[in-house]
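Following: one structure in C-alpha cells, then a few remarks.
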Amino acid sequence: MLGDIINASSIGKIGIIIPWDDKAFNAFERIKNYLDFIKTVKKTSYGPKNLLMIPKTRLKKFLENFITENP
C-alpha cells in the first residue's frame, strides 16, 4: 500500500487511489496521515500532497449519475 501511494503520487500530476473496501480505505488513509506527520516533524519523508483517494462506492455513484445525466 505504501508503494501504491508513492507510485500514484509520483507518476502523475494527481495520484488517484480507489481502495476496494472501507478497510483498505482506512489503511491507505492511515499511511497517508503517517507520511504527512513525518513531514511536519521535519524528518526525511515523502509527502504525497497530490494524492486523491476515492472510495469505490462513491466513484461508482458518481459515474452512474454522470452517465444518467449525460446520455
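The values are calculated or read from the model by the stated rules, or taken from the named source; none is laboratory data. From a predicted model like this one, the values you see are computed outputs, not experimental measurements. Positions of Cβ are backbone-derived with ideal geometry, glycine not excepted, and every protein chain shown enters the neighbour counts.
Before moving on, here are some points about what is shown:
- Selection from region 52-71 of residues that are touching a residue at least 12 places away in the same chain (Cβ under 8 Å) and among the β-branched types (Val, Ile, Thr): Ile54
- Looking only at residues of region 26-71 that are in a loop (DSSP other than H, G, I, E, B) and among the β-branched types (Val, Ile, Thr), we find that the one that is nearest to Lys13 (Cα to Cα) is Ile54.
Results for (1) of a type outside the set (A, V, I, L, M); (2) in contact with a strand residue (DSSP E or B) (Cβ under 7 Å, 6 or more places away or on another chain); (3) surrounded by 13 or more Cβ atoms within 10 Å (Cβ to Cβ); (4) at pLDDT 90 or above, shown as yes or no for each residue.
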residue	(1), (2), (3), (4)
Gly3	yes, no, no, no
Ser10	yes, no, no, no
Pro19	yes, yes, yes, yes
Ala24	no, no, yes, yes
Phe28	yes, yes, yes, yes
Ile38	no, no, yes, no
Lys49	yes, no, no, no
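- Near pairs, Cβ below 8 angstrom, 6+ apart or cross-chain, from region 8-33 (without any contact (Cβ under 8 Å) to a residue 40 or more places away in the chain) to any residue that is among the acidic types (Asp, Glu) and in a helix (DSSP H, G or I): Ile17/Asp4; Phe28/Asp4
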